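J.: Once you've had a glance at the structure underneath, I'll fire off some questions.
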2 protein chains.
Amino acid sequence: MSSANAPLSSRMSPRIVTVRERVLKQNDLLARDLRARFQAAGVRVISLVSSPGAGKTSLLERTLAILGQKRRVAALVGDLATENDALRLQRSGAPVKQITTGTVCHLDASMISTAVSDWSLAALDVMFIENVGNLVCPSSYDLGEAVRVVLLSATEGEDKPLKYPTIFNTADVAVITKIDLAAAAEFDREAAHSNIQTVRPGMRVMEVSARTGAGMDAWIAFLQEHS
Amino acid sequence: MSSANAPLSSRMSPRIVTVRERVLKQNDLLARDLRARFQAAGVRVISLVSSPGAGKTSLLERTLAILGQKRRVAALVGDLATENDALRLQRSGAPVKQITTGTVCHLDASMISTAVSDWSLAALDVMFIENVGNLVCPSSYDLGEAVRVVLLSATEGEDKPLKYPTIFNTADVAVITKIDLAAAAEFDREAAHSNIQTVRPGMRVMEVSARTGAGMDAWIAFLQEHS
């Protein structure tokens, strides 16, 4: 098995590796600037990463409605195509911008910088960034966020932390979503928690259902601690 | 809105675009060779793409067990990490190889070529390729397959075809999985089918549940037509 499991460096030309490293370094520098700007403006930036369809927008929709009563909230949402998520989230009344990436599988710091260029950051308490649905690409790109949250839905399988360890490693906290579907999906809660702890020992994990509201109190309390 | 929605070409340096185009061209040439080899050997190659957790492995597990009674079947499975999927699929008795990609978000033709290098292709009727769970990256990489199947689970939302149009455009057929969870997830079947047809008019769509077996007859019949 694993006959094709040669180290990546042996399959990528030195030139590609160099270009990729330069892109990542540029992103890191810009993300550091962004982080300093966010801090100076007193806005807490929280990003969400997950598979497509793990429920980032649904969680964010409910979060903006609840947290928006106590904090000045805003959101940036990334997708390859459509403005649907921004339209959904704008119903909360919070400032929301869609970033469409075309064929790019992640947001990067320059997209965030451009998106907030006409926003007064000092007028915000909490800004959410919803990344493109992808468990791979977003892990390499710092967006200047203070907290990165990785979502894992109860319907997508308990094995995802083991299969996508990097994204769990770059996140600060994990949220298991769609917990109302756990029984129907025969979700193995113990295995999911154990797999998360295997990849990232000590990681804080919350369970929520944006549909039923289960676990939302703890999630909102967590956000208030961090804003 | 869409303030960060500048054309990609304006955000990527000419050098990066050139390198990316060269990589894709090399892949296309190798994929063309692979396709000719598969055809000469009389093996039908069918690839599966989807989000993480849409149920590729579960569908494949059941498919190998059923189709394996009538055809000589084999599978390659791609993941960033772990050999779990290969171990699951090997229980069917079919030849199965895991390709672990490290940080790469898709399979490419060279990985397929290496993985089959010690297999006698003429001894196979159908070879499945399960790509890395990702709705973006795999769309650009031809693997030499005859048929590309995109999976969409009933639990991940009806909007995915609109948000990830390219992967639906590069696929030949769509399979809606986890259909047993449709009611629990309040899956809007009509919207899902309509969104698929918006992105790819005329696309053939099947609905299955690997857990209950619903729709498996039509799926197996489709595979037999194509092998």
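J.: Got a sec? Which of B:V132, B:V149 is modelled with pLDDT of 95 or more and part of a strand (DSSP E or B)?
T.: Working: B:V132 fails: part of a strand (DSSP E or B).
Step by step, each of B:V132, B:V149 is checked, and only B:V149 is modelled with pLDDT of 95 or more and part of a strand (DSSP E or B).
J.: The conditions are (1) open to solvent by 10 Å² or more (accessible area, probe 1.4 Å); (2) free of Cβ contacts under 8 Å to residues at least 60 places away in the same chain; (3) more than 9 Å from every other protein chain (Cβ to nearest Cβ), and A:G42 fails exactly one of them. Which is it?
T.: Failing condition for A:G42: (2).
J.: Right, here's the next one. Please indicate, with yes or no, whether at least one residue in region A:203-217 is more than 14 Å from chain B (Cβ to nearest Cβ), buried (at least 21 other Cβ atoms within 10 Å of the Cβ) and among the basic types (K, R).
T.: no
J.: Residues that are buried (at least 17 other Cβ atoms within 10 Å of the Cβ), of a type in the set (S, T, N, Q) and over 19 Å from B:A65 (Cα atoms): does region B:173-185 have at least one?
T.: no
J.: Quick check on region B:117-132. Is at least one of its residues crowded, with 21+ Cβ neighbours inside 10 Å, under 16 Å from the mean Cα position of the chain (by Cα) and at the interface with chain A (Cβ under 8 Å from one of its Cβ atoms)?
T.: Yes, region B:117-132 contains at least one residue that is crowded, with 21+ Cβ neighbours inside 10 Å, under 16 Å from the mean Cα position of the chain (by Cα) and at the interface with chain A (Cβ under 8 Å from one of its Cβ atoms).
J.: While we're looking at this one, here's another question. Mind checking whether some residue in region A:52-72 is closer than 15 Å to A:W219 by Cβ, open to solvent by 10 Å² or more (accessible area, probe 1.4 Å) and of a type in the set (A, V, I, L, M)?
T.: Yes, region A:52-72 contains a residue that is closer than 15 Å to A:W219 by Cβ, open to solvent by 10 Å² or more (accessible area, probe 1.4 Å) and of a type in the set (A, V, I, L, M).
J.: Kindly list, by first and then second residue, each pair from a residue in region A:84-104 that is on the phi > 0 side of the Ramachandran plot to a residue that is surrounded by 20 or more Cβ atoms within 10 Å (Cβ to Cβ), limited to pairs with Cβ atoms under 8 Å and residues at least 6 apart or on different chains.
T.: The qualifying pairs are A:G102/A:L80.
J.: Let me ask something else about it. Is it true that some residue in region B:82-91 is more than 9 Å from every other protein chain (Cβ to nearest Cβ), surrounded by fewer than 20 Cβ atoms within 10 Å (Cβ to Cβ) and acidic (D, E)?
T.: No: zero hits.
J.: Being hydroxyl-bearing (S, T, Y), modelled with pLDDT of 95 or more and closer than 23 Å to B:D159 by Cβ is the filter here, so list the residues in region A:93-129 that pass it.
T.: Across region A:93-129, the qualifying residues are A:T100, A:T101.
J.: Something else now. Got a number for residues in region B:133-162 being open to solvent by 10 Å² or more (accessible area, probe 1.4 Å), within 12 Å of another protein chain (Cβ to nearest Cβ) and within 11 Å of the chain's Cα centre (by Cα)?
T.: Residues meeting the conditions: 1.
J.: Just to be sure I understand, how many residues within region A:92-103 are within 13 Å of another protein chain (Cβ to nearest Cβ) and surrounded by fewer than 20 Cβ atoms within 10 Å (Cβ to Cβ)?
T.: Qualifying residue count, region A:92-103: 3.
Residue-wise test of (1) modelled with pLDDT of 95 or more; (2) outside any loop (DSSP other than H, G, I, E, B); (3) acidic (D, E).
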| residue | (1), (2), (3) |
| --- | --- |
| A:S10 | no, yes, no |
| A:E21 | no, yes, yes |
| A:L30 | yes, yes, no |
| A:L34 | yes, yes, no |
| A:V45 | yes, yes, no |
| A:T57 | yes, yes, no |
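J.: Does A:V77 meet the test of being over 18 Å from B:K163 (Cα atoms) and at pLDDT 95 or above?
T.: Values: over 18 Å from B:K163 (Cα atoms): no; at pLDDT 95 or above: yes.
So A:V77 does not fit the description; no.
J.: Would you be able to say whether some residue in region B:177-197 is among the polar types (S, T, N, Q), assigned to a loop (DSSP other than H, G, I, E, B) and under 29 Å from A:F187 (Cα atoms)?
T.: For region B:177-197, residues among the polar types (S, T, N, Q), assigned to a loop (DSSP other than H, G, I, E, B) and under 29 Å from A:F187 (Cα atoms): absent.
J.: Which condition does A:D85 not pass, out of (1) more than 15 Å from the chain's Cα centre (by Cα); (2) under 19 Å from A:S50 (Cα atoms); (3) of a type outside the set (G, A, S), if it passes all the others?
T.: The one condition A:D85 does not meet is (1).
J.: Could I ask something else about it? Among the residues of region A:24-39, what is the count of those that are open to solvent by 40 Å² or more (accessible area, probe 1.4 Å), within 13 Å of chain B (Cβ to nearest Cβ) and among the polar types (S, T, N, Q)? I'd like the intermediate steps shown before the answer.
T.: Narrowing region A:24-39 to residues open to solvent by 40 Å² or more (accessible area, probe 1.4 Å): A:25-26, A:28-30, A:32-33, A:35-37, A:39.
From what's left, within 13 Å of chain B (Cβ to nearest Cβ): A:26, A:30.
Within this subset, residues satisfying the condition of being among the polar types (S, T, N, Q) are A:26.
Total meeting the criteria: 1.
J.: Out of the residues in region A:72-81 meeting the condition of being touching a Leu at 6+ places or on another chain (Cβ under 8 Å) and part of a loop (DSSP other than H, G, I, E, B), tell me which one is nearest to the other protein chains (Cβ to nearest Cβ).
T.: Only one residue fits best here, namely A:A81.
The values are calculated or read from the model by the stated rules, or taken from the named source; none is laboratory data. Source: prediction; values computed, not measured. Heads up, the Cβs are rebuilt from the backbone with ideal geometry, glycines too, and the neighbour counts pull from every protein chain shown. Heads up: the accessible areas ignore ligands, DNA and RNA and are worked out on the full protein's heavy atoms, side chains in. Shrake-Rupley method; radii C 1.70, N 1.55, O 1.52, S 1.80 Å.
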